[in-house]
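What follows is a short report on a single structure.
What follows draws every value from the coordinates through simple rules; no lab data is involved. Just so we're clear, the structure is a prediction, and the values are computed from it rather than from any experiment. Cβ atoms come from the backbone with ideal geometry, glycine included; neighbour counts cover every protein chain shown.
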Amino acid sequence: MRQLPRLLFFTLLVRPVLFLILGFNVRHRERLPVRGPAIIVANHNSHLDAPVLMSLLPLRLLPRIRPVAAADYFLSNRWLAWFALHIIGIIPLRMGGRQPKETLLAEIAAALQNDSIIILFPEGTRGEPEKFGKFRAGIGVLAEWFPQVPIHPIYLYGLGKALPRGEILLVPFFCDVFVGTALRGEGGDRRSFMARLDGTMRRLAEENKTATWE
């Protein structure tokens, strides 16, 4: 019963708006996770990024999908906090200070242990449309803690133009989604994993330049 408002919001509003007004090409859809635990990692250019990623997965998985979002923004007032926590289902990340990584990432770790599908934007903030920022090390820590959990890299193109930073009106713009082969943290250290992830994301971005769509 607690999930009903969330299910109705995505079924009746989010999915129709995204797929009828914008439209998407999804390449390698078969690589998306079909169960938890899993981590989805994507570039971040728009507030549309998380709803789009959530809408690409089957509705039956919606109760398990948990986007990670900045607490200082999404918990800044009680109405936004209620919506972010109960409808979007975010895991609030409280940045700043000198928190040990065990404290900073504790709620994400607990969600993975509960078979959730985590959506994580390692750049930490929205950047310029279709430009990469440096990935923060938190995803490398999670890969090290959960070496068996698949990490699905996804490159998003066009969402930064459909809803640019600072805008509230949606601009009809066809968007592309490139799903990479899942990575795991097993058999390597944190630095080597981050290098593999960076290389995979850049290859997906290059694939976007040469893609042909039916």
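3J(HN,Hα) along region 176-185, derived from phi through the Karplus expression 6.51 cos²θ - 1.76 cosθ + 1.60 where θ = phi - 60°, amounts to 10, 10, 10, 9, x, 5, 4, 10, 9, x Hz, with x in place of Gly and Pro. Taking 0.36 nm per residue of separation and subtracting the current Cα-Cα distance, fully stretching the chain between T11 and Q148 would add 46.1 nm.
Binning all Cα-Cα separations of region 4-210 at 5 Å, short to long from zero, yields these whole-percent fractions: 1, 7, 15, 20, 23, 18, 10, 4, 1, 0. Distances between placed amide hydrogens fall under 5 Å for I65 paired with I117, all partners being 5 or more residues away or on another chain.
For region 4-210, a crude dipole built from +1 on the beta carbon of Lys and Arg and -1 on the beta carbon of Asp and Glu, taken about the Cα centre, is about 80 debye to the nearest 20.
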